[in-house]
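See below for the structure under consideration.
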């Protein structure tokens, strides 16, 4: 990975000022493999925070912006302007910047979910990016090596025909009502900033995306029961969904922000007529693989019988030495760097796209509608 | 437990001839604590098998029967006749014997589900047993000490108000079509002998019962998607259900006989507004308990902070030395022995009853109906 | 297992009165498979306890004894006298009863370690039992199905030449000084009743025996560092030993009664030049098996690729339903029953013998001597 | 961490050319928190490899060196010369570069073990660095947040007086003889390049250092049994050591490169008279903590009840999102950056020093001597 003599890509960032969580994660991810230099930013809508944050990150004074429109214009005009931008604002502030930069010919790396409404997502998908600017949606869990290996195993037929998919993502950090001071909590529980989904948008989409990424199955319809357990909370904090995939596979998805004792318990279990796979994000360097009638095998990241994806492209250090969340995130960044440089053929089909973003929004909207209709099975194609 | 000088209870058995699985389990369970002596049996409807099985078990020749009616009559008439009987036949053969023995004044220990139809279950519940004969339904997983402790913890308020209940029971032994030679498989996949439910009746009811036992919550309604994945199979082999409990708690239940790599993966996870519990049957001597905002604690069977139930009544050997499935089963037997002897006050509310059996049938029927109605939420009280 | 029409063996017990731990365990083990009936006992040296205990266990008045000598004589003289006896007294009280019953022609089941001194063990080994009476030493962990399977795997060459053996048995129950009231603790920490070893005799011998049982390797020498951490304790409560086996394999053994957080953490790990095995007693239904260069496999009790021993002879219920400590113990009882009936050929080499007992004492004595000589390598053959 | 507006430190590297493992790790570690820019290197003793490697890393042509002496001179003379250097050569090539750069006033980050001989280590410790140049020894496992928290817990008295320390580091990658082509294996099994220790120097020192780091106990003496299992191998590939600490604590250390099924199974278990701790490197975001008589608690990185070190200084992302080996390594780099900038008071006592390096060599030498003397207890102070 990286370290191959290629020039670093000049990167900008929208959002991610002091105190932000995911902006920091994106910056670390951009540094790990050495493919990017952060040189510009509209890090906050508050000018003072934007200034201070930019200075702390070592940005030149004239490249600390307070509006993304201004940043897009100015950077597009500079000979040394940014080549790519990371959008790490709350959901409702994805669409505007993404449009502005794509139309300015600047590659976009955008946090998930892609937008706060399905309409915005569809409009974004119809934009004609200038100069073929590319788009990456950071469904970061797809960067885990064993998730890539799981995808390979399914595609290879090692599991046979997929029958059952169990995806879940329980957390407990919103078990109690949160004060407005909690920056991470407040926008995620606010429909104006998050969109129509709470837990389903924040973490349910991750679990859903992961299931889709690994299995390759298309979703037919969902039957959902979304709940808001905490008094006064406007958005769902617990998500129960049954899934029907095209071709007959069935699934369940559970996401929760009120499951006491769960931190980031993202888990994916897939069962076909020949084999099964089980993986957990909180110990991501291991995955169970069982061929029917044989003992369970514990696959390790980059260990014995790794497929091509896992052993070659996505692993930094030997098995037994754990890699984690930041490395998986960095893998998206460095492989997108290869795509930007025109050298990304190997990553075809591995990096989440605009289309994945639109489908994620369909999943959210269909689930919310189903829940409002007392669990009526709702087709993704009809929302 | 036992070893207290009380006389052994004279026990009979219906079903459980050579080659049967659950009959053997019942016999071991009856022996572990020394509370029963098996002295009579109608072990098979095939006379030769009944004879051979009875002899192998050391039954006297005149107490090896080939019909349960005959056995009920004869034993009730003997001064040394059986005091209790274990019914371990396929589901459709529970009702007849249960009725016969209860009406003969003989205590009944009956495998689950209670019957093959809800009608039979209700008729059974209306029988007036002679001499106050008692009934035990062997939902054996309720005998695990940590399940008892879980029930105590919930009742004590340690979890606060229950919000989310995730129950599952995946297996993989019916992943492929089975031959008629497979005695265990053939009746379980035959509607005439199992009833309307396949996986839901065989293992789904266990998961359901366990959730109900521990939480004490009443079920309002279910929304189900039952599937038969194996070509030609008449009953469901995969069960996806969403649950609504009275008072607002929500749940999911997954049971499967086609989840490759799962043996008997019964798991129960319960989350309230103050705490959470997580338990797995395949390593039943441990249970996670988390108080919100504190580290997860690993409770052990009979270990530190055990409640009364777990530490005193239901544990045979010190923590760290595992007890298993057979001991949990035996706990039902020995505590029912205390009930029979009139000394069972301590077990009030802990031993599964006729009413639990009827409700289990309601759960099966409501789930089957919901699935037939495309997942319509179906109230248990309306089936 | 059992249930085969064979008559129950008439069993007596020495020790095991009210409040005793291991006597209770032996009784449960004798009942599980239905091969024994307890009919006589010298359950305590205190007549009142002996009487009360015997009555609670349903023994006939004339078969409740207060001396083992009297019991041996009386039972040997009865036509319906006991055929076998379980000796479950503290270590220093093993030799006398074992000798008495063997010389009376009554089979002996004896708890471990075999005696409190090596001299006693050797004298016992030289006794000529009357009528070929047999001897079983209850190194109960050897009864776990996966330990039997581990032995088979090693013997089959699946691990290649064994190089490294890591055995350990940490507990924490003696972390603090114990009062005299603690019956289990007091004799185990008293040299007069335990012998020269504390933790090494109580649990170190179990770990040692297990390593020997599975690998079949002969021990050449030990280098030991025994410690007594608790002030005033006369015997070791922590055991560090390095092992050299004949043929060049090396090992380490750790046993402790002061390892806070460990309950009965018996663990065995074996590495050869082709493969490795890892097993823990606190979750005994699973074992790791790795062939060099391949993924780790999780073997389950009675599951896929079980060898003959594990799948056929030693398993009661299907994989995924856990069996535990009592079942493993019961396996020794029921297989010894087969030996007693002259039908035990299949268990040749599986049931711990007098010779194993003598060697266990050599291990204790050599370790104590080595520790006294500042860790000098000490050959077992020279003590 | 980082991102605080401080200028990046100009970094050089000795060793770490194409194909090297640990050099790559150091580079990633230097990038993660953004505290360093790699600008110079003597990446290989082979000029062609040095050139190609330097170019791939984007070094300016005139800062690609083929000798470390030349690099030290040239960089010390440049106004924009490197401020720090990473030494990532085989062990025997640590001393020379470390001396050269320290004497040139350039901070040194050196891989472990510090040198290949104790003599070199002692000479290095006596050097007077120019301008107060600092030294960091990359015992990288000390950078894991929970290891820092373990150290805090021990220091706080939460475990009471430490009694028993069990450290181990099993691997299996040298189970078979390796070809000379295996660059990683060949120097590690060559006394001329590794020094007198094989597994003990490569991984045993890590386990030892970790035990010392967390407990703060001083080692009195070791009794060792080192083995080379693979025919023709000149250095030990399996290490069995008993440890005696000052004050009476005892320990065991096992390191192996032939333990089939173990990848990087570094494990540390510590038991005091009040509590116990258990941690494994292959799932480093979790640690068991038990207070005597209470249930085991699973501490998580940055989770509930984290101490100051773990929760504030050493954690990048929320608990439940795993960090790994590279982040722990990066923590040493970024905290050393603070030290270089004169802002490192908070890391006092946390970053491995020259003195730790010398003691590590004493541990190796004492163990080798003990093993040569048939396990004689050997004091570290006497080698």
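Considering segment B:359-376 alone, what residues qualify as being within 11 Å of residue B:221 (Cα to Cα) and either surrounded by fewer than 18 Cβ atoms within 10 Å (Cβ to Cβ) or out of contact with any strand residue (DSSP E or B) (no Cβ under 6 Å at 6 or more places or on another chain) (or both)?
B:362, B:363, B:376
Might you let me know whether segment C:204-217 holds any residue that is more than 25 Å from residue C:114 (Cα to Cα) and out of contact with any helix residue (DSSP H, G or I) (no Cβ under 8 Å at 6 or more places or on another chain)? Break it down into steps so the answer makes sense when it comes.
Let us first name the residues in segment C:204-217 that are more than 25 Å from residue C:114 (Cα to Cα), namely none.
Within segment C:204-217, none of the residues are more than 25 Å from residue C:114 (Cα to Cα) and out of contact with any helix residue (DSSP H, G or I) (no Cβ under 8 Å at 6 or more places or on another chain).
What tally of residues in segment C:174-197 results from selecting those that are within 22 Å of the chain's Cα centre (by Cα) and at pLDDT 95 or above?
The number of residues fulfilling the criteria is 1.
Just to verify a result, which residue in segment B:170-190, among those that are in contact with a helix residue (DSSP H, G or I) (Cβ under 7 Å, 6 or more places away or on another chain) and in a loop (DSSP other than H, G, I, E, B), is nearest to the other protein chains (Cβ to nearest Cβ)?
Just the residues of segment B:170-190 that are in contact with a helix residue (DSSP H, G or I) (Cβ under 7 Å, 6 or more places away or on another chain), to begin with: B:171, B:174, B:178, B:180, B:187-188.
Checking the rest, the ones that are also in a loop (DSSP other than H, G, I, E, B) come to B:171, B:174, B:178, B:180.
Values: B:171: 7, B:174: 11, B:178: 13, B:180: 20 Å.
Taking the candidates together, the pick is B:171.
Can you tell me how many residues within segment D:367-382 are more than 14 Å from every other protein chain (Cβ to nearest Cβ) and touching a helix residue (DSSP H, G or I) at 6+ places or on another chain (Cβ under 6 Å)? Before the answer, list the steps.
Let us first name the residues in segment D:367-382 that are more than 14 Å from every other protein chain (Cβ to nearest Cβ), namely D:368-369, D:380-382.
Still in the list and also touching a helix residue (DSSP H, G or I) at 6+ places or on another chain (Cβ under 6 Å): D:380.
Adding up the residues that qualify gives 1.
Which count do you get for residues in segment C:256-274 that are under 21 Å from residue C:162 (Cβ atoms) and more than 13 Å from chain B (Cβ to nearest Cβ)? Before you say what the answer is, go through the steps one by one.
Going through segment C:256-274, the residues under 21 Å from residue C:162 (Cβ atoms) turn out to be C:266-274.
Next, only the ones that are more than 13 Å from chain B (Cβ to nearest Cβ) stay: C:268-274.
Selection size over segment C:256-274: 7.
Rundown of residues vs (1) over 20 Å from residue B:324 (Cα atoms); (2) touching a residue at least 24 places away in the same chain (Cβ under 8 Å); (3) assigned to a helix (DSSP H, G or I), yes/no style:
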{"position": "B:96", "(1), (2), (3)": "yes, yes, yes"}
{"position": "B:99", "(1), (2), (3)": "yes, yes, yes"}
{"position": "B:115", "(1), (2), (3)": "yes, yes, no"}
{"position": "B:122", "(1), (2), (3)": "yes, yes, yes"}
{"position": "B:141", "(1), (2), (3)": "no, yes, yes"}
{"position": "B:150", "(1), (2), (3)": "no, yes, yes"}
{"position": "B:154", "(1), (2), (3)": "yes, yes, yes"}
{"position": "B:160", "(1), (2), (3)": "yes, yes, no"}
{"position": "B:168", "(1), (2), (3)": "no, yes, no"}
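Which numbered condition in (1) within 24 Å of residue A:130 (Cβ to Cβ); (2) surrounded by fewer than 24 Cβ atoms within 10 Å (Cβ to Cβ); (3) in contact (Cβ under 8 Å) with a residue 24 or more places away in the chain; (4) more than 9 Å from chain D (Cβ to nearest Cβ) is the only one that residue A:62 fails?
It fails just one condition, (3).
Do we find that residue A:157 is at pLDDT below 95 and over 30 Å from residue B:290 (Cα atoms) in this structure?
No, not satisfied.
Quick one: would you say residue D:305 is in the same structural domain as residue D:252 (by the TED database), surrounded by fewer than 21 Cβ atoms within 10 Å (Cβ to Cβ) and over 30 Å from residue C:240 (Cβ atoms)?
Details: in the same structural domain as residue D:252 (by the TED database): yes; surrounded by fewer than 21 Cβ atoms within 10 Å (Cβ to Cβ): yes; over 30 Å from residue C:240 (Cβ atoms): yes.
Yes: the conditions hold for residue D:305.
Looking at (1) surrounded by fewer than 20 Cβ atoms within 10 Å (Cβ to Cβ); (2) within 24 Å of the chain's Cα centre (by Cα); (3) modelled with pLDDT under 95; (4) assigned to a loop (DSSP other than H, G, I, E, B), can you tell me which one residue D:346 breaks?
(4)
Looking for something surrounded by fewer than 23 Cβ atoms within 10 Å (Cβ to Cβ), more than 14 Å from chain D (Cβ to nearest Cβ) and in contact (Cβ under 8 Å) with a residue 12 or more places away in the chain - is there at least one such residue anywhere in segment A:289-300?
yes
Determine whether residue B:19 is within 13 Å of another protein chain (Cβ to nearest Cβ), farther than 25 Å from residue B:186 by Cα, in contact (Cβ under 8 Å) with a residue 12 or more places away in the chain and surrounded by fewer than 24 Cβ atoms within 10 Å (Cβ to Cβ). Explain how you work it out, then say what you get.
Numbers: within 13 Å of another protein chain (Cβ to nearest Cβ): yes; farther than 25 Å from residue B:186 by Cα: no; in contact (Cβ under 8 Å) with a residue 12 or more places away in the chain: yes; surrounded by fewer than 24 Cβ atoms within 10 Å (Cβ to Cβ): yes.
The answer is no for residue B:19.
Taking the condition touching a helix residue (DSSP H, G or I) at 6+ places or on another chain (Cβ under 6 Å) and crowded, with 24+ Cβ neighbours inside 10 Å, does residue C:255 pass? I'd like the intermediate steps shown before the answer.
Values: touching a helix residue (DSSP H, G or I) at 6+ places or on another chain (Cβ under 6 Å): yes; crowded, with 24+ Cβ neighbours inside 10 Å: yes.
Judged against the criteria, residue C:255 is a match.
Output the residues belonging to segment A:312-343 that are touching a strand residue (DSSP E or B) at 6+ places or on another chain (Cβ under 9 Å) and not in a helix (DSSP H, G or I).
Correct list: A:319, A:320, A:341.
When you scan segment D:13-71, how many residues do you find that are outside any loop (DSSP other than H, G, I, E, B) and either touching a helix residue (DSSP H, G or I) at 6+ places or on another chain (Cβ under 7 Å) or farther than 30 Å from residue A:57 by Cα (or both)? Outline the logic, then answer.
Our first condition is that a residue be outside any loop (DSSP other than H, G, I, E, B); within segment D:13-71, this holds for D:13-14, D:22-32, D:36-42, D:47-56, D:61-64, D:68-71.
With either touching a helix residue (DSSP H, G or I) at 6+ places or on another chain (Cβ under 7 Å) or farther than 30 Å from residue A:57 by Cα (or both) added as a condition, the list becomes D:13-14, D:25, D:28-32, D:36, D:38-42, D:47-52, D:64, D:68-71.
The number of residues fulfilling the criteria is 25.
Evaluate segment D:200-221: report whether one residue or more is more than 16 Å from residue D:141 (Cβ to Cβ), without any contact (Cβ under 8 Å) to a residue 40 or more places away in the chain and either surrounded by 21 or more Cβ atoms within 10 Å (Cβ to Cβ) or out of contact with any strand residue (DSSP E or B) (no Cβ under 6 Å at 6 or more places or on another chain) (or both).
yes
Looking at D:239, D:260, which is the one that is more than 16 Å from residue D:365 (Cα to Cα) and crowded, with 24+ Cβ neighbours inside 10 Å? Let's see the steps before the verdict.
Working: D:239 fails: more than 16 Å from residue D:365 (Cα to Cα).
Just one listed residue meets the conditions, D:260.
Based on what the data block shows, is residue C:277 in contact with a strand residue (DSSP E or B) (Cβ under 6 Å, 6 or more places away or on another chain) and more than 10 Å from chain B (Cβ to nearest Cβ)? Step through it out loud before you land on a result.
On the way: in contact with a strand residue (DSSP E or B) (Cβ under 6 Å, 6 or more places away or on another chain): yes; more than 10 Å from chain B (Cβ to nearest Cβ): yes.
The answer is yes for residue C:277.
Take residue B:362 and decide whether it is modelled with pLDDT of 95 or more and in contact with a helix residue (DSSP H, G or I) (Cβ under 9 Å, 6 or more places away or on another chain). It would help to see each step written out before you state the result.
Working: modelled with pLDDT of 95 or more: yes; in contact with a helix residue (DSSP H, G or I) (Cβ under 9 Å, 6 or more places away or on another chain): yes.
Yes.
The values are calculated or read from the model by the stated rules, or taken from the named source; none is laboratory data. All of these numbers come straight from a predicted model, not from anything done at the bench. No Cβ is skipped: glycine too gets one built from the backbone with ideal geometry, and neighbour counts run over all protein chains shown.
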